[in-house]
């Protein structure tokens, strides 16, 4: 009976980019079951992006306080989910998956990673380490559809900015002139390309190509914006206001090119159709590159050559891409050339 109109719960706690890239799974679920209810459970910070995905019926977030858990669990049970796709397999998510009472409960069985509480699931999708390392993360995500019996009809990931957010974004950055948006931030301080190089690229983009460069960053990254502006010789526009996720997605849609590090904003930009030039450090770009054909990934050959002593803020940690300064191997000439090519391809 539920095959015609199932109620599916998708669990993925974090982060921004991961939640955006779940769109490939959600799109295939929607195509297979047009009338299904598709609910996504994430941590509270990441639920706003789900409002931009037209395939999502409802968004749930984990309770912020202990006192809120009883009501949350009651609502979860009463929802009568027919399918649960758990993309995390933590102790918490495994128990919640079983608690729903859904008849079909699936999770990954990843090689080299412990499969927690396999008895709480009805099915699993085996993923080898070789497959994981050699495919985009969306291919791993889509593997979880096999036990559910849902075919892969598309690999698209799309976000549709809301009209109200577009109205705000269009006032800040009206269409009609060539514009490039730079986001210099990253979750890892090791992965930051130096501010003076961003400034040099911004100057060349404006001097040589006649584009207008904008800078955007979160509250904790405003110091980076200040550093870039201190090094620039031309006028760049710093957007120092706070943006909601929806407003940020709409803002990205106004630009011809988005220059950034490997980050959640990178995936948001790709999902709204803005060409990306992404600066990667030591992470696996095959897995985490921006999805689509109009994007450029810049990364030094790995393993990258070590810098001479005294040229880094601190030591790298071998084998840890979050604690590697490899992105500093990229030159201003490389980044300028790639951004110029992306801009010209946009015309």
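Rundown of residues vs (1) within 20 Å of the chain's Cα centre (by Cα); (2) surrounded by 18 or more Cβ atoms within 10 Å (Cβ to Cβ); (3) modelled with pLDDT under 95, yes/no style:
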position	(1), (2), (3)
274	yes, yes, no
277	yes, yes, no
292	yes, no, yes
305	no, no, yes
Filter result for residue 337 (modelled with pLDDT of 95 or more, surrounded by 23 or more Cβ atoms within 10 Å (Cβ to Cβ) and either over 14 Å from the mean Cα position of the chain (by Cα) or within 24 Å of residue 169 (Cβ to Cβ) (or both)): no
Matching residues, segment 89-102, being in contact with a strand residue (DSSP E or B) (Cβ under 8 Å, 6 or more places away or on another chain) and surrounded by fewer than 19 Cβ atoms within 10 Å (Cβ to Cβ): 98
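Listed here are the residues, each with its yes/no results for (1) without any contact (Cβ under 8 Å) to a residue 12 or more places away in the chain; (2) within 15 Å of the chain's Cα centre (by Cα); (3) in a strand (DSSP E or B).
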position	(1), (2), (3)
10	no, no, yes
20	no, yes, no
35	no, no, no
46	no, yes, no
49	no, yes, no
56	no, no, no
84	no, no, yes
Of the criteria (1) touching a strand residue (DSSP E or B) at 6+ places or on another chain (Cβ under 7 Å); (2) at pLDDT 95 or above, which one residue 217 fails: (2)
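Let's see how each residue does on (1) touching a strand residue (DSSP E or B) at 6+ places or on another chain (Cβ under 8 Å); (2) closer than 30 Å to residue 206 by Cα:
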{"position": "286", "(1), (2)": "no, no"}
{"position": "297", "(1), (2)": "yes, yes"}
{"position": "303", "(1), (2)": "no, no"}
{"position": "312", "(1), (2)": "no, yes"}
{"position": "319", "(1), (2)": "no, no"}
{"position": "334", "(1), (2)": "yes, yes"}
Members of segment 222-255 that are in contact (Cβ under 8 Å) with a residue 40 or more places away in the chain, surrounded by 15 or more Cβ atoms within 10 Å (Cβ to Cβ), in a loop (DSSP other than H, G, I, E, B) and under 17 Å from the mean Cα position of the chain (by Cα): 253
Which numbered condition residue 163 misses (of (1) in contact with a helix residue (DSSP H, G or I) (Cβ under 7 Å, 6 or more places away or on another chain); (2) at pLDDT 95 or above; (3) farther than 27 Å from residue 331 by Cβ): (1)
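The values are calculated or read from the model by the stated rules, or taken from the named source; none is laboratory data. Since this is a predicted model, take the numbers as computed values, not measurements. Reconstructed Cβ throughout: ideal geometry from the backbone, glycine too, with neighbour counts over all protein chains shown.
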